[in-house]
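Asks: Pasting a structure below so you can have a look.
The values are calculated or read from the model by the stated rules, or taken from the named source; none is laboratory data. Just so you know, these numbers come straight off a predicted model, no measurement behind them. Using ideal geometry, Cβ is built from the backbone for each residue, glycine included, and neighbour counts are taken over all protein chains shown. With ligands, DNA and RNA removed, areas are computed over all heavy atoms of the protein, side chains included. Shrake-Rupley method; radii C 1.70, N 1.55, O 1.52, S 1.80 Å.
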Amino acid sequence: MLRDSFGRVATDLRVSLTDKCNLRCTYCMPPEGLDWLPNAQLLTADEIVRLVTIGVERLGITEVRYTGGEPLLRRELTDIVARTTALRPRPQVSLTTNGIGLARTADALAAAGLDRVNVSLDTLDRDTFKRLAHRDRLPDVLDGLAAAHRAGLRPVKVNAVLMREINQHEAVPLLRWCLEQGYELRFIEQMPLDAQHGWSRDAMVTADEILALLSASFDLTPDDLEERGSAPAERFLVDGGPARVGVIGSVTRPFCGACDRVRLTADGQIRNCLFAREESDLKAAMRAGATDDELADRWRAAVAGKRPGHGIDDPTFLQPARPMSAIGG
Ligand code: SAM
């Protein structure tokens, strides 16, 4: 088991397959992109599957989410998913993606056993999309979402980050559209994880504000408060249900006390928190010949040292050196 000193057990593994992305969302990275990791530093597909297997078979991982960067840019994705869903006990396997290319790959991913997708979509307006992501790809994202739905990757979840004066006014239209399409929308508070270090608390649209915006048009009732467990989203029934909307108040309503997550970066570092400042290098150990037992021991030690909270509110808080795209969101 991956237990930390506060008694939390990590069962949910987020694996970044690449730090590269084909969008440039302003809350994540600058328009010119970043210095991507050289290929030799990325874990190979076999190395990823070996580490995921150790996590599932020896360390109690029950959920694996592939992310990035943009995971659909990784050519071996379908193969990695198939090898993950073949593990026993079979983990739940999901994908967080910007949806570009999903129209082509959704059926193959479903056939490989993928259970669910989360697709990021912050706006339904093509010009706003271009302004926010610096690429004119809104139609590809919408096609990807529709293909995921047709392929049965349900529930299709949509992740949206609201930014003041850019897309804040789209909270209600986004929810209305997701309800029509049968997608489950979740709003995520913007976090201090952008490569440009441009985040400021004052500019962030808070969970309270998001709920106020939505409540002007919808009747929201808190849902499954007791069953929330480690889920980051507070969920609400919309107009009596069964449709729901989620709000992830990572900054103003932190859920660190119930966190069950651990992350593996594309270059093989274990991070026990999105905001961790330390990493444990499994890739170097693996390439130096470490056994599965030794890798499992290192992994356990990395989780044991997890801090009680992300500390964004602490005056000594320092943003991690890696941006979200390089950690895996
Ligand atoms: N490329 C994939 C995608 O777009 O979903 C996966 C990686 S992306 C880093 C994962 C999620 O993190 C996306 O939903 C994105 O909106 C979110 N994200 C990125 N930077 C963020 C930030 N600073 N604050 C909050 N969410 C952020």
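Asks: Quick one: pull the percent of accessible area on the chain belonging to carbon and sulfur, 1.4 Å probe, ligands and nucleic acids left out.
Replies: Here it works out to 50 percent.
Asks: Moving to a separate point now. Can you give me the accessible area per residue for the chain, using a 1.4 Å probe, in Å²?
Replies: Each residue of the chain exposes 42 Å² on average to a 1.4 Å probe.
Asks: Rounded, prolate or oblate: which fits segment 208-261, taking a ≥ b ≥ c as square roots of the Cα gyration tensor eigenvalues, rounded meaning a/c under 1.5, else prolate when a/b beats b/c? Spell out each step's value before the answer.
Replies: Working: a/c = 3.19, a/b = 1.53, b/c = 2.09.
It is oblate, given that a/c is not under 1.5 and a/b is not larger than b/c.
Asks: Okay, next question. Given a Förster radius of 30 Å and the C-beta distance between A111 and H197 as r, what FRET efficiency does 1/(1 + (r/R0)^6) yield to the nearest 0.05? Could the numbers behind the result be given before it?
Replies: Working: r = 42 Å, r/R0 = 1.39.
Result of the calculation: an efficiency of 0.10.
Asks: While we're looking at this one, here's another question. Lys and Arg at +1, Asp and Glu at -1: add these up for the other residues within a Cβ distance under 10 Å of E47 and post the number.
Replies: +2
Asks: Tell me, in nm to one decimal, what length is gained between Q319 and A288 on full extension, where the rule is 0.36 nm per residue of separation less the Cα-Cα distance?
Replies: Result for the pair: 8.1 nm of gain on full extension.
Asks: Moving on to the next point. Between the helical axis of 138-150 and the dominant principal axis of the chain, each derived from Cα atoms, what acute angle in degrees is found, rounded to the nearest 10?
Replies: For 138-150 against the chain, the angle is about 70 degrees.
Asks: Also: To the nearest 10 square angstrom, how much accessible area does L185 have with a 1.4 angstrom probe?
Replies: 0 Å²
Asks: Ordering H310, H197, H134, H169 by accessible area with a probe of 1.4 Å, largest first, what comes out?
Replies: Reading off the accessible areas and sorting them downward yields H169, H197, H134, H310.
Asks: Which order do T252, T67 take by accessible area at a 1.4 Å probe, largest first?
Replies: Largest accessible area first, the list is T252, T67.
Asks: Provide the packing ranking of 287-294, 6-13, i.e. peptides ordered by the mean count of other C-beta atoms within 10 Å per residue, highest first.
Replies: With the highest mean Cβ count within 10 Å placed first, the list reads 6-13, 287-294.
Asks: When a/c reaches 1.5 or more, the comparison of a/b and b/c decides; with that in mind, is segment 106-265 rounded, prolate or oblate per its Cα gyration tensor?
Replies: Rounded, because the longest to shortest axis ratio a/c is under 1.5.
Asks: List the GluC sites (Glu not before Pro) within segment 19-79 that fall in a DSSP loop (any state other than H, G, I, E or B) and whose Cβ has at most 16 other Cβ atoms within 10 Å.
Replies: In loop regions of segment 19-79 (DSSP not H, G, I, E or B), the sparsely surrounded GluC sites (Glu not before Pro) are E32, E76.
Asks: Going by a ≥ b ≥ c, the root eigenvalues of the Cα gyration tensor, does segment 214-329 fall in the rounded group (a/c under 1.5), the prolate group (a/b larger than b/c) or the oblate group?
Replies: On the way: a/c = 2.75, a/b = 2.15, b/c = 1.28.
It comes out prolate by the Cα gyration axes.
Asks: As I understand it, the value is the acute angle between the Cα axis of helix 171-181 and the longest principal axis of the Cα atoms of the chain; what does it come to in degrees, rounded to 10?
Replies: So the helix axis and the longest Cα principal axis differ by about 80 degrees.
Asks: I've got another one for you. Which angle between 0 and 90 degrees, to the nearest 10, do you get for helix 292-304 versus the longest principal axis of the chain when only C-alpha atoms count?
Replies: 50 degrees
Asks: Using a cut-off of 11 Å between beta-carbons, work out the net charge of the residues near V156 (Lys and Arg +1, Asp and Glu -1, V156 not included).
Replies: Numbers: positive: R116, R150, R154, K157; negative: E184.
That works out to +3.
Asks: Among DSSP bridges having both ends in the chain, what percentage is antiparallel? Round to the nearest 5.
Replies: Percent antiparallel among DSSP bridges in the chain is about 30.
Asks: For the chain, please report how many Lys pairs fall under 25 Å Cα to Cα, leaving out neighbours fewer than 8 apart on the same chain.
Replies: 5
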